[in-house]
Structures are given as structure tokens and as C-alpha cells.
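For reference, the structure discussed in these notes is given below.
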Amino acid sequence: MFGRTGYFDRGRRVRLQYQDPHTAADYARAYSSGPSERYFASRLYAVAETLRAFPSGDLLDVGCGPGMMVHYLLGANDGEFRITACDQSAAMIDLVARGLREDDRVRLHVADIADMPFPGRSFDIVLAMGVLEYVEAGRALREIARVTKPGGFVVATMLNPFSPYRLFEWGAFWPARRLLGRIERLFGVPEERRHRARKSGIHALPSFELVRLMRESGLQPRDVLFYDITALVPPFDRLVRPWTYRWRYAPERTVSRRSRRWLGTGYLVVAQLPAKTRVPESAEREVRVGTP
């Protein structure tokens, strides 16, 4: 779908991008400042509200990044989760570890979502926030299903490629920046002053496609919630948002399941692994033994 490149090329690009400690730190700062702050805040609210239905259990945060969700759960009073977090970037895991207190009981692992070092049926809840866009989603979902306990739940987020924001961002804004950068190069503008757009390797799926892949992995989708509801498109959002704060005090206005959901720049799907189910051994072998 949108932003598609070859899987192995994307995987290599992502690994190189976030293994660098400085890049990882820049990504972590985006959670609390800059044009992405509203998106991350809305996503956190959507996931946190979803988790209210699951007050405790063994929880895996796969593709945990700098630990936004880990630290939120540790500070929340409405859940008693036994938390495990993993990310393929050692730099990201290091950022998570730095924010932990000595008495925080969180297991941290450097691991690939397509080949996790956990026994089958290990977790009551698996979170996959902001990770499926960067990998082969079907393969990752089969591995997620493998480590989920029967009757357990999976909460997966995805950028919404059909939102006005993403359509304009990927179809006009970033291409325009790349073109402007090329023109500036021709006119001798110093490299550090040129406009640019780094290729991220993102492969965003529409909600119906993610739901289909979940079903094929043995998961049963239960709910779809769209978040970061906005009619603004870049770069106008960056000009307006410094003066708009309503989303900070009323985050519930940034999510929707109904008429406004098409404006959501991202969405999450809640799915359940049926209580009487078993991930086929053939599927497990495909994940474990397939070409890396």
C-alpha cells in the first residue's frame, strides 16, 4: 500500500535509522514536542482507554521504542501489569532502561518482532504500537499470535493511509520538499540548509487490510478506533497547532469510531486470540525458519 518498498530494504532502512542513539533520542523527543506531539498524545489516549478493559496480566509491548507506553503503565494506578518490552533497536531499549527506577519490574529485550525470544502462549495482552508500518505485517502478526495466550488480546496501531492528512503528506508535502531540496542543490545552497525528506520505509495499511491480516493470523478483530482526528494537512498543522491546546485537555475529542473517523491520521485494532485455538505449527515454522 502507501509508501511501499521491498520488505527487506525497509527492514534494513529501519534498523539503520534507529540504531543510532542520536536518532533514537530525537524520536523520543517527538513524543512531547514538535508537530508529532498531538499524534502521539492521541495514540496514547486511545491505547490507554482500550487497556482499561484489561486491568492486569502479562503484557508485552513489542516495538516499544523509547518506552512511552511502558512508562505510562508504570505510572498509572488503574492497572497491575507484568510488563515485558522489546525493540529491535538497542538504542531504543537503552532509552527505556534509563527512565526506569530501581524497583520497576520490567523485562527488556532487544528482539525482532518477526522472531521474538518468548515461548508460545506467554502474554495476556500484546501491544504493537507504531511498529507494523515498518515490517511485513502478516509475518509479524503470526508471531504475535504465537506468543499470545488463548483468550488473550492484541492491540495494534497503524497509520491511516486514507486520511486527508496522510494523503496530502505523502502525496504532496514530502515530494515537494524533496523537489525543493534538489533545486537548492542546483543553486549551491549548503547541504545543511536544504529542504529534505528522509525515506522512512513506512508501509501503511488501511483498516480493512489490517483486519484481514489479523484474521489470517488466527486473531479475531473486536474493535477499530481512529485517533488524531484532524482536518489540517501539513504544513498548515505546524502553523496552527502551537496556538491550539484543546486536544491537551479534551483528548477524547481526538478519537472516533463513527462519522469523523475518516479524519483520523492513525487507528488501532483490538483483536482476540480465541480461547480454544492453536497457532498452526506450519505458521510457527514459517516465522521461525523463513528467510530473515
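The values are calculated or read from the model by the stated rules, or taken from the named source; none is laboratory data. A quick note: this is a predicted structure, and the numbers were derived from the prediction, not measured. Methodologically, a virtual Cβ is constructed for each residue, glycine included, from the backbone with ideal geometry; neighbour enumeration extends over all protein chains shown.
Ala197 passes every criterion in (1) surrounded by 14 or more Cβ atoms within 10 Å (Cβ to Cβ); (2) touching a residue at least 40 places away in the same chain (Cβ under 8 Å); (3) of a type in the set (A, V, I, L, M, F, W, C) apart from (2).
Filtering region 211-267 to residues that are in a loop (DSSP other than H, G, I, E, B), touching a residue at least 60 places away in the same chain (Cβ under 8 Å) and out of contact with any strand residue (DSSP E or B) (no Cβ under 6 Å at 6 or more places or on another chain) leaves Ser217, Gly218, Thr230, Ala231, Leu232, Val233, Pro234, Pro235. Whether a residue is under 18 Å from Phe40 (Cα atoms) and at pLDDT below 90 was assessed, and Tyr227 does not pass this test.
If you check Phe118, Phe153 for being farther than 25 Å from Leu263 by Cα, in contact (Cβ under 8 Å) with a residue 24 or more places away in the chain and assigned to a loop (DSSP other than H, G, I, E, B), only one passes: Phe118.
Counting only helices (runs of 4 or more DSSP H) that sit completely within region 1-101, those holding 2 or more residues that are surrounded by fewer than 21 Cβ atoms within 10 Å (Cβ to Cβ) and at pLDDT 80 or above correspond to 37-51, 68-75, 90-98. With respect to the conditions (1) surrounded by 13 or more Cβ atoms within 10 Å (Cβ to Cβ); (2) within 29 Å of Ile144 (Cα to Cα); (3) modelled with pLDDT under 95, Arg261 lacks only one, and its number is (3). Looking across region 232-267, the residues that are farther than 20 Å from Phe173 by Cα, touching a helix residue (DSSP H, G or I) at 6+ places or on another chain (Cβ under 8 Å) and among the hydrophobic types (A, V, I, L, M, F, W, C) come down to Trp247, Val255.
Looking only at residues of region 212-223 that are crowded, with 17+ Cβ neighbours inside 10 Å and either touching a Pro at 6+ places or on another chain (Cβ under 9 Å) or not hydroxyl-bearing (Ser, Thr, Tyr) (or both), we find that the one that is farthest from Gly171 (Cα to Cα) is Gly218. A single member of Gly130, Gly171, Gly138 is under 16 Å from the mean Cα position of the chain (by Cα) and assigned to a helix (DSSP H, G or I), and it is Gly138.
Being free of Cβ contacts under 8 Å to residues at least 12 places away in the same chain, exposed (fewer than 15 other Cβ atoms within 10 Å of the Cβ) and on the phi > 0 side of the Ramachandran plot is true of Gly188.
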